[in-house]
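Colleague: Take this structure first; my questions come after.
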Amino acid sequence: MHIVFAASECVPWAKTGGLADVVGALPPVLVRMGHRVTTFVPYYRQVAKKLSDLPVVIPSLTMPYTYYQRYASVLDGGVHEGVQVYFIDCPEMFDRENLYATPSGDYPDNWERFGLFSRAVIEASKILGVPDVFHAHDWQTALVPIFLRSIYFFDPVLRRVPCVFTIHNAGYQGWFPSDIMPHLLLPWDMFTMDKLEMYDKVNLLKGALVYADALTTVSRHYALEIQTSEFGNGLEEFFRRRKADLFGILNGVDYAEWDPAHDKHIAAHYAADNLKGKKECRRDLLHAFGMDGVEDHTAVLGIVSRFATQKGFDLLAGIMHELVKDDVVLLALGTGEEYYERLLGELALRYPDKVRVQVRYDNTMAHKVEAGSDIFLMPSRYEPSGLNQMYSLRYGTVPVVRSTGGLEDTIREKPDGKANGFKFHGYNQEDFLDAIRRAVAAFQNKEEWEEIMKRGMEEDFSWDKPAAEYIKVYERVITNRT
């Protein structure tokens, strides 16, 4: 089958989060399984810096609005691992410093930017090859299923083409004033409580939940969580309405990039059957953070994360006065909310023998943290899928996680010898600290610890199984549309 991916991010060209990793990793696996995949991404300034003078395959697409028209061209990004990549070029919409926002807030015309992108994907597909199924991702492409079932409803070429829509994070929904409806040429009868309207505004994610043929999200447990008031972000009723068409498919890991057996970023290679290199990676990591001389019995706790409340840094801050009393050191890498950047920096100054922080994004250092830490902390308030816990398992770095979303689906702590990590359930400081201390206690028993490490390293979270599950969803919606 021919699948068209529409997404606002894709590695290696444009990335702010896990969405880009999925859109970059899943299509090549689908191609290896015998399918044709085309991916569309906006031609941002960041992309233009990496890929300039691309061939133009469609010189001009007309994007009509109520009182004016915009124009976009389609650039040929080439074939990458069997996937044909096209970029939608509209300089006034995408030639900007950032993808979605400035430090002062979101671009106010994001509705127009991604409305243009969504419609351009549909129009370009009519020229370059009508797919068997569209696969749209997050609110930025929510207008793909919305447009297909409204302004393209009577199009003889597209009316039977289904759309699968993936929710990577239900917290980001695409809220805009109601007056965008006529500008996008959407009929006002779609602006109702059971369609796009929410608190007198347009909610694009909600519209996709209504009009997509099937919904997927990035882990089985998160698919259940978003049907509750705690995680549904106001849309739990609509997720429950569509539960028969809602599928939780855990994200996969690119083991070509994340595997200690051949990782080019780490000090020494190692594997489950030969762990000698792990000790050298630990020494190298401690040196990189300026903590030479840490004893072997001291557990190295690692963090690679966005510093934000969603990631559980309020819990971490609350337990630090107790945690520093234990036989541990904490090494944290990341950027995020200014409050937590400053707080972590202050903790590092207060406890220089226990805490070190690097406030930056550094891919090489991220690999070093995964390889050199003994224990990896992910106390997330919510985590739709999560990748770092899966990276940690492959690197023999035992995760301590909160039982939520993809963390619940991937980490096991059981008394029957099947544990690959440690979990806590209640979102509170006491449970988090207790889970860390259980892990540190197990770390002192080298035989038990090595068994946990090897069990995690032997887990397989590659993309093959998720890709097969997506194919089943595609086949289902195609059958239902014929």
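Colleague: Give the number of residues within the stretch 322-338 that are part of a helix (DSSP H, G or I), open to solvent by 10 Å² or more (accessible area, probe 1.4 Å) and at pLDDT 95 or above. First the steps, then the outcome.
Modeller: Just the residues of the stretch 322-338 that are part of a helix (DSSP H, G or I), to begin with: 322-323, 338.
Keeping just the survivors that are open to solvent by 10 Å² or more (accessible area, probe 1.4 Å) gives 322, 338.
Those still in the list that are at pLDDT 95 or above too: 322.
Selection size over the stretch 322-338: 1.
Colleague: So which residues in the stretch 1-13 are in a strand (DSSP E or B) and either closer than 20 Å to Ala208 by Cα or modelled with pLDDT under 95 (or both)? Give the derivation first.
Modeller: Taking the stretch 1-13 first, the residues in a strand (DSSP E or B) are 2-6, 10.
If the condition is that a residue be in a strand (DSSP E or B) and either closer than 20 Å to Ala208 by Cα or modelled with pLDDT under 95 (or both), then Ile3, Val4, Phe5, Ala6 are the ones that fit.
Colleague: Moving on. Just to verify a result, which residue in the stretch 422-454, among those that are of a type outside the set (A, V, I, L, M), touching a helix residue (DSSP H, G or I) at 6+ places or on another chain (Cβ under 7 Å) and within 26 Å of Pro260 (Cα to Cα), is surrounded by the most Cβ atoms within 10 Å (Cβ to Cβ)?
Modeller: Phe422
Colleague: Report, ordered by the first and then the second residue, all pairs with beta carbons closer than 9 Å, sequence separation of six or more or different chains, a first member in the stretch 220-231 that is over 14 Å from Ile167 (Cβ atoms) and of a type outside the set (Gly, Ala, Ser), and a second member that is part of a helix (DSSP H, G or I) and open to solvent by less than 40 Å² (accessible area, probe 1.4 Å).
Modeller: Going by the 9 Å Cβ cut-off, the qualifying pairs are Thr228/Glu236; Thr228/Phe239; Glu230/Glu236.
Colleague: Return the residue satisfying two criteria in turn: it lies in the stretch 391-403 and is open to solvent by less than 10 Å² (accessible area, probe 1.4 Å) and in contact with a Ser or Thr (Cβ under 6 Å, 6 or more places away or on another chain), and of such residues it is farthest from Phe307 (Cα to Cα). Spell out the reasoning first.
Modeller: Residues of the stretch 391-403 open to solvent by less than 10 Å² (accessible area, probe 1.4 Å): 392-393, 395-401.
Keeping just the survivors that are in contact with a Ser or Thr (Cβ under 6 Å, 6 or more places away or on another chain) gives 397, 399.
Details: Thr397: 20, Pro399: 18 Å.
My answer is Thr397.
Colleague: If you scan the stretch 198-217, which residues turn out to be outside any helix (DSSP H, G or I) and open to solvent by less than 30 Å² (accessible area, probe 1.4 Å)?
Modeller: From the stretch 198-217, those outside any helix (DSSP H, G or I) are 198-203, 212-217; that's our starting set.
Selection gives Met198, Val202, Asn203, Ala212, Ala214, Leu215, Thr216, Thr217.
Colleague: Counting only residues that are part of a loop (DSSP other than H, G, I, E, B), open to solvent by less than 40 Å² (accessible area, probe 1.4 Å) and aliphatic (A, V, I, L, M), how many does the stretch 18-50 have? It would help to see each step written out before you state the result.
Modeller: From the stretch 18-50, those part of a loop (DSSP other than H, G, I, E, B) are 33-35, 43-44; that's our starting set.
Checking which are open to solvent by less than 40 Å² (accessible area, probe 1.4 Å) leaves us with 35, 43-44.
Next cut, aliphatic (A, V, I, L, M) only: none.
So the answer is 0.
Colleague: Go through the stretch 362-415 residue by residue and tally those that are among the small types (Gly, Ala, Ser), assigned to a loop (DSSP other than H, G, I, E, B) and over 20 Å from Val440 (Cα atoms).
Modeller: First, pick out the residues of the stretch 362-415 that are among the small types (Gly, Ala, Ser): 366, 371-373, 380, 385-386, 392, 396, 403, 405-406.
Checking the rest, the ones that are also assigned to a loop (DSSP other than H, G, I, E, B) come to 373, 380, 385-386, 396, 403.
Next cut, over 20 Å from Val440 (Cα atoms) only: 385-386.
So the count comes out to 2.
Colleague: Would you check which residues across the stretch 52-80 are surrounded by 13 or more Cβ atoms within 10 Å (Cβ to Cβ), under 20 Å from Thr38 (Cα atoms) and of a type outside the set (Val, Ile, Thr) and list them?
Modeller: Answer for the stretch 52-80, where residues must be surrounded by 13 or more Cβ atoms within 10 Å (Cβ to Cβ), under 20 Å from Thr38 (Cα atoms) and of a type outside the set (Val, Ile, Thr): Leu54, Leu61, Ala72, Ser73, Leu75, Asp76, Gly77, His80.
Colleague: Turning to a different aspect of this structure: Filtering the stretch 266-312 down to residues that are among the acidic types (Asp, Glu) and either assigned to a loop (DSSP other than H, G, I, E, B) or more than 31 Å from the chain's Cα centre (by Cα) (or both), which residue is modelled with the lowest pLDDT? Even if it seems obvious, please write down each step before you answer.
Modeller: So in the stretch 266-312, the residues among the acidic types (Asp, Glu) come out as 273, 280, 284, 292, 295-296.
Keeping just the survivors that are either assigned to a loop (DSSP other than H, G, I, E, B) or more than 31 Å from the chain's Cα centre (by Cα) (or both) gives 273, 292, 295-296.
Numbers: Asp273: 94, Asp292: 89, Glu295: 96, Asp296: 95.
It comes out as Asp292.
Colleague: Kindly list the number of the only condition in (1) surrounded by fewer than 19 Cβ atoms within 10 Å (Cβ to Cβ); (2) touching a Ser or Thr at 6+ places or on another chain (Cβ under 6 Å); (3) under 19 Å from Tyr152 (Cα atoms); (4) of a type outside the set (D, E, K, R) that fails for Ser118.
Modeller: It is condition (1) that Ser118 fails.
Colleague: Now for a separate question. Out of curiosity, is Ser380 within 17 Å of Ala308 (Cα to Cα) and either open to solvent by 30 Å² or more (accessible area, probe 1.4 Å) or in contact (Cβ under 8 Å) with a residue 24 or more places away in the chain (or both)?
Modeller: Values: within 17 Å of Ala308 (Cα to Cα): yes; either open to solvent by 30 Å² or more (accessible area, probe 1.4 Å) or in contact (Cβ under 8 Å) with a residue 24 or more places away in the chain (or both): yes.
Answer is yes for this residue.
Colleague: Any chance the stretch 28-44 includes a residue that's among the hydroxyl-bearing types (Ser, Thr, Tyr) and in contact with a Cys (Cβ under 8 Å, 6 or more places away or on another chain)?
Modeller: We begin by selecting, within the stretch 28-44, every residue among the hydroxyl-bearing types (Ser, Thr, Tyr); these are 38-39, 43-44.
After this cut, where a residue has to be in contact with a Cys (Cβ under 8 Å, 6 or more places away or on another chain) as well, the list is 39, 43.
Looking through the stretch 28-44, at least one residue is among the hydroxyl-bearing types (Ser, Thr, Tyr) and in contact with a Cys (Cβ under 8 Å, 6 or more places away or on another chain).
Colleague: Looking at (1) open to solvent by less than 70 Å² (accessible area, probe 1.4 Å); (2) more than 30 Å from Pro162 (Cβ to Cβ); (3) not basic (Lys, Arg), can you tell me which one His287 breaks?
Modeller: Failed condition: (1).
Colleague: Go through the stretch 170-197 and report how many residues are open to solvent by 70 Å² or more (accessible area, probe 1.4 Å) and farther than 23 Å from Tyr67 by Cα.
Modeller: Residues of the stretch 170-197 open to solvent by 70 Å² or more (accessible area, probe 1.4 Å): 172, 175, 179, 188-189, 193-194.
Those still in the list that are farther than 23 Å from Tyr67 by Cα too: 172, 193-194.
The total comes to 3.
Colleague: Quick check on the stretch 218-244: of everything there that is part of a helix (DSSP H, G or I) and among the basic types (Lys, Arg), which residue is nearest to the chain's Cα centre (by Cα)? Let's see the steps before the verdict.
Modeller: Filtering the stretch 218-244 down to residues part of a helix (DSSP H, G or I) leaves 220-225, 236-241, 243-244.
Then drop every residue that is not among the basic types (Lys, Arg), which leaves 220, 240-241, 243.
On the way: Arg220: 15, Arg240: 23, Arg241: 25, Lys243: 22 Å.
In this case the residue turns out to be Arg220.
Colleague: A further question follows. Does at least one position in the stretch 151-165 carry a residue that is under 25 Å from Ile88 (Cα atoms), modelled with pLDDT of 95 or more, surrounded by 21 or more Cβ atoms within 10 Å (Cβ to Cβ) and touching a Pro at 6+ places or on another chain (Cβ under 6 Å)?
Modeller: yes
Colleague: With respect to Ala267, determine if the residue is of a type outside the set (Val, Ile, Thr), open to solvent by 30 Å² or more (accessible area, probe 1.4 Å), over 22 Å from Ala439 (Cβ atoms) and in contact (Cβ under 8 Å) with a residue 60 or more places away in the chain.
Modeller: Working: of a type outside the set (Val, Ile, Thr): yes; open to solvent by 30 Å² or more (accessible area, probe 1.4 Å): yes; over 22 Å from Ala439 (Cβ atoms): yes; in contact (Cβ under 8 Å) with a residue 60 or more places away in the chain: yes.
Answer is yes for this residue.
Colleague: Got a sec? Which helices (runs of 4 or more DSSP H) wholly within the stretch 78-197 have at least 3 residues that are touching a residue at least 24 places away in the same chain (Cβ under 8 Å), more than 26 Å from the chain's Cα centre (by Cα) and more than 28 Å from Leu51 (Cα to Cα)? Even if it seems obvious, please write down each step before you answer.
Modeller: Values: elements: 91-94, 110-128, 143-148, 180-183.
In the stretch 78-197, 180-183 are the helices (runs of 4 or more DSSP H) which contain 3 or more residues that are touching a residue at least 24 places away in the same chain (Cβ under 8 Å), more than 26 Å from the chain's Cα centre (by Cα) and more than 28 Å from Leu51 (Cα to Cα).
Colleague: As an exercise: evaluate Gly318 against (1) modelled with pLDDT of 95 or more; (2) in contact with a Lys or Arg (Cβ under 6 Å, 6 or more places away or on another chain) and give the number of the one condition it does not meet.
Modeller: (2)
Colleague: Return the residues of the stretch 345-376 that are open to solvent by 20 Å² or more (accessible area, probe 1.4 Å), within 21 Å of Ala267 (Cα to Cα) and of a type outside the set (A, V, I, L, M); say none if nothing qualifies.
Modeller: Passing the criteria: Arg356, Gln358, Arg360, Tyr361, Asp362, Asn363, Thr364, Lys368.
The values are calculated or read from the model by the stated rules, or taken from the named source; none is laboratory data. Fair warning: this is a prediction, and the values are worked out from it, not measured in the lab. Don't worry about glycine lacking a Cβ; one is built from the backbone with ideal geometry, like all the others, and counts go over all protein chains shown. Each accessible area value is taken on the protein alone, full model and side chains, heavy atoms only, with ligands, DNA and RNA left out. Shrake-Rupley method; radii C 1.70, N 1.55, O 1.52, S 1.80 Å.
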